[in-house]
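A.B. asks: Have a look at the structure that comes next, please.
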Amino acid sequence: MIYFTSDNHFGHANILHKFQPNRKELGNNIDEMNESLIRRWNAVVKPEDEVYNLGDLAFYKHPENVLPILRRLNGQKYFIFGNHDQVVQKNREAFKEVFVWMRDYYELRHDGEFIVLSHFPFAVWNKMHHNAWMLHGHCHGHYTDPNKNRIVDVGTDSPHVT
């Protein structure tokens, strides 16, 4: 199975208040939120599944705060950098242990579908006019595609994400 996610924001205390009600149900502090996110992830994702994380993984400044969380998450993990991923970018060697690869952008072919993966939504993307999908994060469910194309916010706070 293949899964997509974004904007987990592990360790980000302010996100509990900024993106209500989606985050409030995850707990009252970052430890509870982190544990809820891990529990939900592992309830769906099996060890053999593939997970494409489209950025804004964690707000911790040191790999030793993030790596234990990632080690607990099921699946073969692929990573697209977001705007809040300095800890991963500055410590790429340490994160090679948990990610199959780390990139800024990726084009995936899966079950006959062409899927563009980026942290940020694009107004226009490769093969858009040939029914390609654009999956993104960053917007926390606050972006609506005016053209009603095949663009999906896969972020944790997006209302249509389960």
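A.B. asks: Under the 0.36 nm per residue contour assumption, what length would be gained going from the current alpha-carbon distance of Glu48 and Glu97 to full extension?
C.D. replies: Separation in residues times 0.36 nm, less the Cα-Cα distance, equals 16.0 nm.
A.B. asks: Does anything in the range 52-75 have its amide N under 17 Å from the 7 Å Cα→Cβ label point of Ile2, and if so which residues?
C.D. replies: What the label zone holds, given the 17 Å backbone N cut-off, is 52-55, 75.
A.B. asks: Something else: Note the direction-averaged projected area, equal to a quarter of the hull surface, for the Cα convex hull of the range 1-104, in nm².
C.D. replies: Average of the hull's projected areas for the range 1-104 equals 6.0 nm².
A.B. asks: What does the accessible area per residue of the chain come to in Å², with a 1.4 Å probe and no ligands, DNA or RNA counted? If you can, show how the numbers build up before the last one.
C.D. replies: Numbers: 8640 Å² over 162 residues.
Per-residue accessible area for the chain comes out at 53 Å².
A.B. asks: Between Arg72 and His129, take the C-beta separation as r, use R0 = 45 Å, and let me know the FRET efficiency to the nearest 0.05.
C.D. replies: Numbers: r = 41 Å, r/R0 = 0.91.
According to the calculation, E is roughly 0.65.
A.B. asks: Right, here's the next one. With axes computed from alpha carbons, what is the tilt in degrees of helix 63-72 against the longest principal axis of the chain, rounded to the nearest 10 within 0 to 90?
C.D. replies: With both axes taken from Cα atoms, the answer is about 70 degrees.
A.B. asks: Could you work out how far helix 30-44 tilts from the main Cα principal axis of the chain, as a 0 to 90 degree angle to the nearest 10?
C.D. replies: 50 degrees
A.B. asks: Based on the alpha carbon coordinates of the range 4-45, what radius of gyration and maximum Cα-Cα distance (Dmax) apply, in Å?
C.D. replies: For the range 4-45, the Cα-based Rg and Dmax read 9.7, 27 Å.
A.B. asks: Report, ordered by chain and residue number, the aspartates and glutamates lying within cross-link reach of Lys90, taken as a straight Cα distance under 16 Å and ignoring same-chain residues fewer than 8 apart.
C.D. replies: Asp56, Glu64, Asp104
A.B. asks: Ignoring everything except DSSP H segments at least 4 long, calculate the 222 nm mean residue ellipticity for the chain; use -39,500 (n - 2.57) per segment, divide by total residues, nearest 500.
C.D. replies: So the calculated ellipticity at 222 nm is -6000 deg cm²/dmol.
A.B. asks: Follow-up question, since we're still on this one. What lysines sit close enough to Lys127 to cross-link, taking a C-alpha to C-alpha distance under 29 Å and skipping anything fewer than 8 places away on the same chain?
C.D. replies: Qualifying lysines at Cα under 29 Å: Lys77, Lys148.
A.B. asks: Select from the range 77-162 those GluC sites (Glu not before Pro) which occupy a DSSP coil region and have at most 15 other Cβ atoms within 10 Å, ordered by residue number.
C.D. replies: Glu97
A.B. asks: Give the carbon-plus-sulfur fraction of the accessible surface of the range 49-162 in %, rounded to a whole number; probe 1.4 Å, heavy atoms of protein chains only.
C.D. replies: Its accessible area is 49 percent carbon and sulfur atoms.
A.B. asks: In the range 30-162, what is the volume of the convex hull around the alpha carbon atoms, normalised per residue and reported in Å³?
C.D. replies: Each residue corresponds to 115 Å³ of Cα convex hull volume.
A.B. asks: Give, rounded to the nearest 20 debye, the magnitude of the charge dipole that the range 20-130 has about its Cα centre when Lys and Arg contribute +1 at Cβ and Asp and Glu contribute -1 at Cβ. All intermediate terms of the calculation are to be shown ahead of the outcome.
C.D. replies: Numbers: 15 positive and 16 negative charges, 24 e Å.
Here the range 20-130 has a charge dipole of around 120 debye.
A.B. asks: By the gyration tensor of its Cα atoms, with a ≥ b ≥ c the square roots of the eigenvalues, what is the shape of the range 97-138: rounded for a/c under 1.5, prolate for a/b over b/c, or oblate?
C.D. replies: Because a/c hits 1.5 or more and a/b fails to exceed b/c, the range 97-138 counts as oblate.
The values are calculated or read from the model by the stated rules, or taken from the named source; none is laboratory data. Just so it is clear, the structure is predicted and the values come from calculations on it, not from any experiment. All Cβ positions, glycine included, derive from the backbone under ideal geometry; neighbour counts span all protein chains shown. Each accessible area value is taken on the protein alone, full model and side chains, heavy atoms only, with ligands, DNA and RNA left out. Shrake-Rupley method; radii C 1.70, N 1.55, O 1.52, S 1.80 Å.
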